[in-house]
1. Which value, in Å³ per residue, describes the convex hull spanned by the Cα atoms of region 37-89?
2. Please calculate the 1.4 Å probe accessible area of TRP31, with all protein chains present, and give it to the nearest 10 Å².
3. Once Rh for region 68-116 is found with the Kirkwood sum over Cα pairs, what is the Stokes-Einstein diffusion coefficient at 4 °C and 1.567 mPa s, in µm²/s?
Amino acid sequence: MTAHLPTPNGIATPLTTSDGAYTVTLETSGWTYAARADETLLQAGLRAGIRLASSCRNGTCRACMCHLESGAITYVVERPGLSRDEIEEGWILPCVAQARTDVRLAGDNAERVVEATARPLPVGPRR
């Protein structure tokens, strides 16, 4: 299943970066990251240090639902948890969506992933 918004000529031409990845732009936060064609938008965000809202990661809970402002995606599941009307309105589930062109998402609840600093292991017996 592929979702996309119409382009001026009605054809979605795949646009990739030089490394074969697509650019994902989060309009709410202004952040961008690269997404390979073989990973979901959620997985790509995590790889880039950006956490999108999620829970089930299989397209049923709808916690990650956001609006596809532009671009084209395809789903890794046959029936994502969206109604036909929601799909026609441009809503997508990034946890099961893969980019097929550069995409712009709105309504994302993204946050930066802060890596925990490694703590040294204690030396000697614990008391």
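1. Output value, Cα hull per residue: 95 Å³.
2. Using a 1.4 Å probe on the heavy atoms, I get roughly 60 Å².
3. It diffuses with D of about 107 µm²/s by this estimate.
The values are calculated or read from the model by the stated rules, or taken from the named source; none is laboratory data. Given the structure is predicted, the values throughout are model-derived calculations rather than measurements. Surface accessibility is based on the protein's heavy atoms, side chains included, excluding ligands, DNA and RNA. Shrake-Rupley method; radii C 1.70, N 1.55, O 1.52, S 1.80 Å.
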